[in-house]
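The values are calculated or read from the model by the stated rules, or taken from the named source; none is laboratory data. Worth saying up front: this structure is predicted, and the values here are computed from it rather than measured. Because the Cβ atoms are built from the backbone with ideal geometry, glycine has one as well, and the counts that use them run over all protein chains shown. To get the accessible areas, we keep the full protein, side chains included, count just its heavy atoms, and leave off ligands, DNA and RNA. Shrake-Rupley method; radii C 1.70, N 1.55, O 1.52, S 1.80 Å.
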Amino acid sequence: MALTTPLPPTVGFDLDMTLIDSRPGIRACYLALAERTGTYIDADLAVSRLGPPLVDELANWFPAERVDEMADLYREMYPVYAIASTPALPGAREAIAAVREAGGRAIVVTAKYEPNAKLHLAHLGIEPDAVIGDLWAERKALALREHEATVYVGDHLGDVRGARTAGALSVAVATGPCGPDALREAGADVVLTGLTEFPRWFSDYCSDN
């Protein structure tokens, strides 16, 4: 009987509050949008609940009939206000490198508008194998399945749901709005304090699989 060699793993990563701390840039963009439209937006509150799609947040500040228009305007303004002020989170580059060093592929699957997600990664010099945007929660499973990801790393309960829907191992990092207990209760298979713990965990995971 021929021996089979396990395929190198494909690991998916969320973007906001998983790979990058997007709060300063998003806050600046919301404040600029508020000034431009004359509409009050509590930017500090908005950045405390990052994760869901942009339109969900804008619906708190604009009438329903204006949300899509405001989303387009925000995305247009975003590169000016948000890219340069957004740092990588500790361990982000090392996490991507750990996957590559194991012979695997690292992809980013995010709810963020895809062109802006790519701008963030290019600005920070982080080069995943693929970037797929505009997918939230369970819909992230579409990209995870297409790329045959066996692990998905994210900071939000929606990321846990996306991983589980795809049949991937859910690795949660407690760097976003959701605490470790909430992530475990949502069904995360592994909870890390942040991506600095990912390389060691991933090495053990590859050894066991």
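Here are a few things to note about the model shown:
- Across q = 0.21 Å⁻¹, segment 142-184 modelled as identical point scatterers on its alpha-carbon atoms has Debye log10 I(q)/I(0) values of -0.57, in the order of the q list.
- Report summary: the helix-based calculation at 222 nm, which adds -39500 (n - 2.57) for every DSSP H run with n ≥ 4 and divides by the residues of the chain, gives -13500 deg cm²/dmol.
- Segment 1-93: relative contact order as a whole-number percent, Cα under 8 Å and 6+ apart: 44 percent
- Between Ala137, Ala172, Ala32, the residue with the greatest mean-square fluctuation in the GNM of the chain (Cα pairs under 10 Å linked by springs) is Ala32.
- Shown here for segment 1-99: GluC sites (Glu not before Pro) in loop regions (DSSP other than H, G, I, E, B) with at most 10 other Cβ atoms within 10 Å, of which there are none.
- Taking 0.36 nm per residue of separation and subtracting the current Cα-Cα distance, fully stretching the chain between Arg145 and Arg36 would add 35.2 nm.
- Rolling a 1.4 angstrom probe over the chain with all protein chains present gives an accessible area of which 51% lies on carbon and sulfur atoms.
- The chain: antiparallel DSSP beta bridges as a percent of all, rounded to 5: 5 percent
- Entry note, the chain: relative contact order of 25 percent, from Cα contacts under 8 Å with a spacing of 6+ residues.
- Kirkwood Rh (inverse of mean 1/r, distinct Cα pairs), segment 50-166, angstrom: 15.3 Å
- For Arg105, the residues whose amide H sits under 5 Å from its own are Thr10, Val11, ignoring neighbours fewer than 5 places away on the same chain, with H placed 1.01 Å from N.
- Accessible area per residue, Å², segment 1-151 with all protein chains present, probe 1.4 Å: 49 Å²
- Degrees between helix 23-37 axis and first principal axis of the chain (Cα, 0 to 90, nearest 10): 30 degrees
- Between Glu197 and Asp56, the C-beta separation translates, for a Förster distance of 22 Å, into a calculated FRET efficiency of about 0.15.
- Formal net charge of residues neighbouring Thr165 (Cβ-Cβ distance under 15 Å; K, R +1; D, E -1): -1
- Compared with the dominant principal axis of the Cα atoms in the chain, helix 67-82 is inclined by about 70°.
- The per residue volume of the convex hull around the alpha-carbon atoms of the chain is 116 Å³.
- Between helix 114-124 and the chain: long-axis angle, C-alpha atoms, 0 to 90°, nearest 10: 70 degrees
- Across segment 61-111, the convex hull enclosing all Cα atoms gives 117 Å³ per residue.
- Between Asp134 and Val80, the C-beta separation translates, for a Förster distance of 22 Å, into a calculated FRET efficiency of about 0.60.
- Overall Cα dimensions of segment 1-121, principal axis frame, Å, largest first: 69, 28, 22
- Note that segment 105-175, at 25 °C in a medium of 0.890 mPa s, gets a Stokes-Einstein diffusion coefficient of 204 µm²/s from its Kirkwood radius over C-alpha pairs.
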